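Below is one structure, written out as structure tokens; comments come after it.
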Amino acid sequence: MTITNRNPAAAAEVVLDDVDVGYSGQRVVHAISLELPRGQIGCLLGPSGCGKTTLLRAIAGFEGVMRGEIRLNGESVSRPGFTLPPERRSVGMVFQDFALFPHLDVAGNIAFGVRGWSRGDRDRRVRELLRLIGLSGYERAYPHALSGGQQQRIALARALAPKPELLLLDEPFSNMDIELRTDIAHEVRAILRAEGTTGILVTHDQNEAFAFADCIAVLNNGRLSQWDTAYHLYHRPADRFVADFVGEGTIIPGKVCENNCVETALGKIRGPLSDRFGPGTAVDVLVRPDDIALDNDRGDIKAEVLSKAFRGADFLYTLRLQDGTEILCVAPSHDNFVVSDHVRLRLNFSHLVVFPRGDSGPARR
Amino acid sequence: MTPEPAAPPARSRIKWLPRRVAQLSLWQMVAVTMALVLALPVLVIFAHVFLPAGDVWLHLRETVLGEYVTNSLLLLLGVGIGVLVIGVPVAWLVSVCEFPGRRIFQWALMLPLAMPAYIIAYTYTGMLDFAGPVQTMIRDLTGLGFGEYWFPEIRSLTGAMLMLTLVLYPYVYLLTRAAFLEQSVCVLEVSRTLGSGPYDSFFRVALPLARPAVIAGLTLALMETLADYGTVAYFGIPTFTTGIFRTWYGLADPAAAAQLAAVLLSFVFVLILLERWSRMRARFHHTSSKYSNLPRYRLRGWKAGAAVAACLLPVLLGFLIPAAQLSIWAARTTDHWMNPDFAQLVFNTFYLAAIAAVVAVALALVLAYARRMQGGLITGIAVRVAGLGYAVPGTVIAIGVMIPFAWFDNTLDSLMRDWFGISTGLLLSGTLFALLFAYVVRFLAVSLQTVEAGLGKIKPSMDDAARSLGMRPLGTLTRVHLPIMRGTLLTALLLVFVDVLKELPATLILRPFDFNTLAVRAFELAGDERLAESSSAALAIVLVGLLPVILLSLTIERSRPGQRQQKGRRNEDSAEAEPIAVPAGTQGA
């Protein structure tokens, strides 16, 4: 991962070193290690109940750690027996329900964290942030009179006001309209960049994660599956869970026939294989919808259309191969096949992703 | 009381305590201790179930118990039917229809809440008895004399049903109306698209959805009916509450009185279970969080007239007429209340009510914070138990306070006399402390409900937000909690204050010698047939009782999402939507 470091001055480097977190003796998060460089934006992605919010609260200082260490800018802030309280961490947080103070107006909410500043500085900071979030002139409005999107941006401004070194966002977009989410994620990312703050987002929505983060941690059942860029999560998933959770696709059985070649219902698929998959090993192969091309002229694999979903620029077809295996395939929407049509396929693999047979996890989603 | 979610729960380990107890956190111990102390009266009463039956109890069972049960059940039946017949239709009219005066009736229908049942009972007695204005007018108009015409006897079981119905129907009205307003328009519209007409939709969708709320309102009214002492005592109807008084004072048998109270308690518990059950169902029946204004059916012509009459009648009979009568009496007897004695009486009452309110709200705060800091089964049960008193009749609580306090005083006194030859006399029983304790047991739920609703508005994430913005726990308390809770605390104080002001039976039993409150004075004067003289005290109670009614109507006005704030798009469950805390125990029995 190489991402440029835009603003080293105000941002924190976050290091999690073999961290366990839990409540009342019950471990929720196990052995998490990751490093987020200064000024970068990271994301904790996973299904609900995977422990991502717990981990975020541990980084904020609301929960202690049971093992390992959390370091901000090299300073140890959490270790067993010691938790630096949240108010002394220079960490801002945006909450899922925004948690705006109902008794304070917009200016009062934003200025809540900078009450130590002089009046002039405070007012300037409030005005500056309102301009940044596009809500100038709303100083005297009260939270209940604002729309969800406006409240969300006020919550962001409030968290940014004290110039935190690290901003944590706990599913901040989940209360918003789906159409708006990606837009707002982009917008918030731009604001974080402008403020030069390191950020960590928690979400269960991969589109949000892709739109927001430089680097994404996929959590499964309290454990870190992969800490990587969106591109690598999609094309080089570390395990079946990541393959399954990120993006669409099917996992079909296969058998290694020779080095760097797997025999499947789709025929022989070639690609670099790890040494541990010797010839004869039974494996599962990840087939992304774009690994298959619909090509009635040159294709040599026969399949039948089971169902299809129109997605604008393309169709997502569910196809059945001759031996009954079902796969997904994306095709441009100018070719319009109908259900039960017989079609021909061509392989279009750029990477071969193979897992040992019999790993846990559902075959497709 | 510092909100400190981050810190590990303060665990106090005391070695000599059993392990399970030693593992309770500080908050849990506080909650459990408070619950045990507050449950003492009820536990004492229950313990008497297991005592061997004494002669008096056997005598009671053979002679009057059947009558008590029959009368109490008939009273419940009559009041139950009455409050449903009045409460549900008027709730429907003001929330679904449009007719002249609807906006006024919306709150005016709550006015009878300010009128304690015993006050309305003797006011009507004064108006309807032989020498009263109504019969006098009949005689003047017809020329008939005594015994030559039929006139209903107000001092009867039917009369008591009517009196209680007139002041208790607002419970059904309030909860039913809230249920109608909470219903999403969508479900009504769905039913329209499925081929049901507006009236059909009401009976097939709106009313069944509101049923749990109707039942909850009904059970509250029935609890008040069971708890009533003033009305039935004044009308001379033998029920449980009057029976307990008779056994306590007339037969001087505390054990038998407590056993009678235990039977009454079992009736109450059936009602509590019914109420819990219906409230649980009310949650399931909450269909949607999207609201919009209900389109009202505009009534015209005779229909509008009938609607006005239906709403006017309960307000007239339940508040306006008795309040007018009280005012006339009070105006005629100015020398009875424009004097230092009456001022002393008012001061006594307000002083007592104010202390009780402060104590109840302080304890409610501790319990509510205990639940917030250390939620879970133990704290939850403790808070529930502590709030149970709202359903327990004042008579029962008074007996339950008196028995252990008297035992303590007597034991201490005899010990001290044996050892040192000093008599300690009455330390607890017959003091203001006993009375205050009973008030707190009875009305803690009122403050608890309000405080918990207020604290619920401060989401835990707001604590976290304040912490992440550099605020220490104490700062969070003073800069976030206190400003948000201020209104709530005032409301809770006011509600308890007014309830204590109205309370009659527990005050009668527990008050120190020669100590009077407005309620006791009004009741005693009325009992001596000095109705006009009692009116000033009664009117004072009614006037102060109006305050929470006004407050309640404002709360409801604000609680309907989308009703007033249409300017900005509102978030579904944003700030202001307070749960409507219907003050239990409003009638003071």
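Points to keep in mind about this one:
- Test: residue A:146 is over 19 Å from residue A:41 (Cα atoms), at pLDDT 90 or above and of a type in the set (A, V, I, L, M, F, W, C): no
- Residues that are more than 12 Å from residue A:110 (Cα to Cα) and part of a helix (DSSP H, G or I), drawn from the range A:126-151: A:131, A:132, A:144, A:145, A:148, A:149, A:150
- Considering residues of the range A:142-169 that are under 28 Å from residue A:61 (Cβ atoms) and surrounded by fewer than 19 Cβ atoms within 10 Å (Cβ to Cβ) only, the residue nearest to the other protein chains (Cβ to nearest Cβ): A:148
- Residue A:256 at pLDDT 90 or above and in contact with a Ser or Thr (Cβ under 6 Å, 6 or more places away or on another chain): no
- Residue in the range B:58-66 that is at pLDDT below 90, closer than 30 Å to residue B:384 by Cβ and either among the small types (Gly, Ala, Ser) or crowded, with 20+ Cβ neighbours inside 10 Å (or both) present: no
- Members of the range B:337-360 found to be in contact with a Leu (Cβ under 7 Å, 6 or more places away or on another chain) and of a type in the set (S, T, N, Q), listed by number: B:349
- Filter result (outside any helix (DSSP H, G or I) and within 20 Å of residue B:257 (Cβ to Cβ)) within the range B:21-70: B:51, B:52, B:53, B:54, B:64
- Yes/no for residue A:205 being surrounded by fewer than 20 Cβ atoms within 10 Å (Cβ to Cβ) and out of contact with any strand residue (DSSP E or B) (no Cβ under 9 Å at 6 or more places or on another chain): no
- Among the residues of the range B:460-476, the one identified as acidic (Asp, Glu) and within 7 Å of another protein chain (Cβ to nearest Cβ) is B:464.
- Against the numbered list (1) among the acidic types (Asp, Glu); (2) more than 14 Å from every other protein chain (Cβ to nearest Cβ); (3) in contact with a Leu (Cβ under 8 Å, 6 or more places away or on another chain); (4) under 18 Å from residue A:40 (Cα atoms), residue A:139 comes up short only at (4).
- Candidate set from the range B:482-500 (those that are within 14 Å of chain A (Cβ to nearest Cβ) and either surrounded by 20 or more Cβ atoms within 10 Å (Cβ to Cβ) or touching a strand residue (DSSP E or B) at 6+ places or on another chain (Cβ under 7 Å) (or both)); member that is farthest from residue B:390 (Cα to Cα): B:485
- Scanning the range A:170-197 for residues that are of a type outside the set (Val, Ile, Thr) and either over 28 Å from residue A:49 (Cα atoms) or within 11 Å of chain B (Cβ to nearest Cβ) (or both) gives A:170, A:175, A:176, A:190, A:193, A:194, A:195, A:196.
- Every condition in (1) of a type outside the set (Asp, Glu); (2) surrounded by fewer than 16 Cβ atoms within 10 Å (Cβ to Cβ); (3) part of a helix (DSSP H, G or I) is met by residue A:174 except one, and the failing one is (3).
- Condition met for residue A:81 (in contact with a Gly (Cβ under 9 Å, 6 or more places away or on another chain), at pLDDT below 85 and not basic (Lys, Arg)): no
- Meets criteria (part of a strand (DSSP E or B) and either in contact with a helix residue (DSSP H, G or I) (Cβ under 8 Å, 6 or more places away or on another chain) or more than 14 Å from chain B (Cβ to nearest Cβ) (or both)) for residue A:97: no
- Residue match in the range B:103-125 (condition: out of contact with any Phe, Trp or Tyr (no Cβ under 6 Å at 6 or more places or on another chain) and among the charged types (D, E, K, R)): yes
- Taken residue by residue, the range A:106-125 has at least one member that is more than 10 Å from every other protein chain (Cβ to nearest Cβ) and not in a helix (DSSP H, G or I).
- Flag if residue A:109 is of a type in the set (S, T, N, Q) and either in the same structural domain as residue A:34 (by TED's automatic domain parsing) or touching a residue at least 60 places away in the same chain (Cβ under 8 Å) (or both): no
- Evaluation of residue B:513 against (1) within 14 Å of chain A (Cβ to nearest Cβ); (2) not in a helix (DSSP H, G or I) (one fails), failing number: (1)
- Taking (1) modelled with pLDDT of 90 or more; (2) over 20 Å from residue B:343 (Cβ atoms) in turn, residue B:539 satisfies each apart from (2).
- Matching residues in the range A:121-141 - criterion: being surrounded by fewer than 21 Cβ atoms within 10 Å (Cβ to Cβ) and over 30 Å from the mean Cα position of the chain (by Cα): A:121, A:122, A:123, A:124, A:125, A:127, A:136, A:137, A:138, A:139, A:140, A:141
- Looking at the range A:251-365, the strands (runs of 3 or more DSSP E) lying wholly inside it that each contain 1 or more residues that are over 18 Å from residue A:235 (Cβ atoms) and among the basic types (Lys, Arg) sit at A:267-270, A:301-310, A:314-321, A:342-347.
The values are calculated or read from the model by the stated rules, or taken from the named source; none is laboratory data. The structure displayed is predicted, hence computed values, not measured ones. Glycine also receives a Cβ, built like all others from the backbone with ideal geometry; neighbour counts cover every protein chain displayed.
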